[in-house]
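**Q** The structure's right below; bear with me while I get my questions together.
The values are calculated or read from the model by the stated rules, or taken from the named source; none is laboratory data. Note that the structure is a prediction, hence the values are computed from the model and not measured. Don't worry about glycine lacking a Cβ; one is built from the backbone with ideal geometry, like all the others, and counts go over all protein chains shown.
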Amino acid sequence: MITRFGRTCFAGFLGTIVVTCMVTFASPLLLGGPADIAAVLARMLGGSWLAGMAMHFLIGTVALPSVYLYLLNRRLPGGPALRGLMWGVALWTFSQTVVIPLTGGGMFSSAIGGLPVAWDSLIGHLAYGLVLGVFAGEPNERVFALRHEKPDEPEEHLRRAA
């Protein structure tokens with residue numbers, strides 16, 4: 001039996017693969033040039049590109065899913081997809097206001113391409129959040145629910161009818 005933590009880390013791994021593929025294949029078409037997450041992380045770590053890629057996968061597979069699972073998942077409203085999308089927006093906001101400025105990219109990527117780069121980043125973070133939310137959600141949860149329902153409890157109207 002897979003634990004919630006294991007399922008959430010697997011979901012983060014899938015989300016990281018999706019983002020890596022988007023950055024590798026879609027971002028160059030959207031931005032007119034390459035976008036390399038591993039190279040940015042390698043510069044921050046003072047290491048090789050491979051070390052940057054390993055850090056990218058460690059963050060996306062273990063660190064961010066752990067925060068999502070233990071701090072946010074049940075506190076966010078809606079079904080797994082909506083919670084994942086909200087997590088993606090939160091990650092993007094943190095990325096654009098803290099991480100990118102620390103790497104010299106400016107607020108909302110102003111020094112490295114501006115709005116097109118920020119929008120590309122938003123699309124990637126939304127894709128990551130959506131994959132994470134859907135695959136980390138409880139198996140019996142409605143994926144695209146707009147309100148928060150606990151999967152083990154019947155709805156209120158069913159309780160009243162009984």
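**Q** Is it true that some residue in segment 128-141 is in contact with a Leu (Cβ under 9 Å, 6 or more places away or on another chain), buried (at least 20 other Cβ atoms within 10 Å of the Cβ) and β-branched (Val, Ile, Thr)? Talk me through it step by step, then tell me what you get.
**A** Quick first cut of segment 128-141, residues in contact with a Leu (Cβ under 9 Å, 6 or more places away or on another chain) only: 128-133, 135-136.
Next, from what is left, pick out any that are buried (at least 20 other Cβ atoms within 10 Å of the Cβ): 128-133, 136.
So of that shortlist, the ones also β-branched (Val, Ile, Thr) come out as 131.
Yes: segment 128-141 contains one or more residues that are in contact with a Leu (Cβ under 9 Å, 6 or more places away or on another chain), buried (at least 20 other Cβ atoms within 10 Å of the Cβ) and β-branched (Val, Ile, Thr).
**Q** Suppose we keep only residues that are in a helix (DSSP H, G or I) and of a type outside the set (A, V, I, L, M) within segment 55-79. Which one would you say is farthest from the chain's Cα centre (by Cα)?
**A** If we filter segment 55-79 for residues that are in a helix (DSSP H, G or I), which is where we start, we get 55-72.
So of that shortlist, the ones also of a type outside the set (A, V, I, L, M) come out as 56-57, 60-61, 65-66, 68, 70.
Numbers: 56: 12, 57: 12, 60: 7, 61: 10, 65: 8, 66: 12, 68: 9, 70: 15 Å.
Across segment 55-79, the extreme among qualifying residues is 70.
**Q** Given the conditions (1) in a helix (DSSP H, G or I); (2) out of contact with any helix residue (DSSP H, G or I) (no Cβ under 7 Å at 6 or more places or on another chain); (3) under 21 Å from residue 7 (Cα atoms), report the number of the one that residue 84 does not fulfil.
**A** (2)
**Q** From the set of residues in segment 15-35 that are of a type outside the set (Val, Ile, Thr) and buried (at least 17 other Cβ atoms within 10 Å of the Cβ), which is nearest to the chain's Cα centre (by Cα)?
**A** The extreme case among them is 15.
**Q** Is there a residue in segment 127-141 that is touching a Ser or Thr at 6+ places or on another chain (Cβ under 6 Å), under 19 Å from residue 14 (Cβ atoms), modelled with pLDDT under 90 and not in a loop (DSSP other than H, G, I, E, B)?
**A** Step one: filter segment 127-141 for residues touching a Ser or Thr at 6+ places or on another chain (Cβ under 6 Å), giving 136.
Applying the additional criterion that residues be under 19 Å from residue 14 (Cβ atoms) yields 136.
Now narrow it down to the ones that are modelled with pLDDT under 90: 136.
Next cut, not in a loop (DSSP other than H, G, I, E, B) only: 136.
Scanning segment 127-141, I find at least one residue that is touching a Ser or Thr at 6+ places or on another chain (Cβ under 6 Å), under 19 Å from residue 14 (Cβ atoms), modelled with pLDDT under 90 and not in a loop (DSSP other than H, G, I, E, B), so the answer is yes.
**Q** Let me ask you something else. Among residues belonging to segment 78-108 that are at negative phi and exposed (fewer than 13 other Cβ atoms within 10 Å of the Cβ), point out the one that is modelled with the lowest pLDDT.
**A** Filtering first and then ranking leaves 102.
**Q** Okay, moving on. Counting just the residues of segment 45-75 that are surrounded by 13 or more Cβ atoms within 10 Å (Cβ to Cβ) and modelled with pLDDT under 85, which one comes out nearest to residue 10 (Cα to Cα)?
**A** Selected residue: 73.
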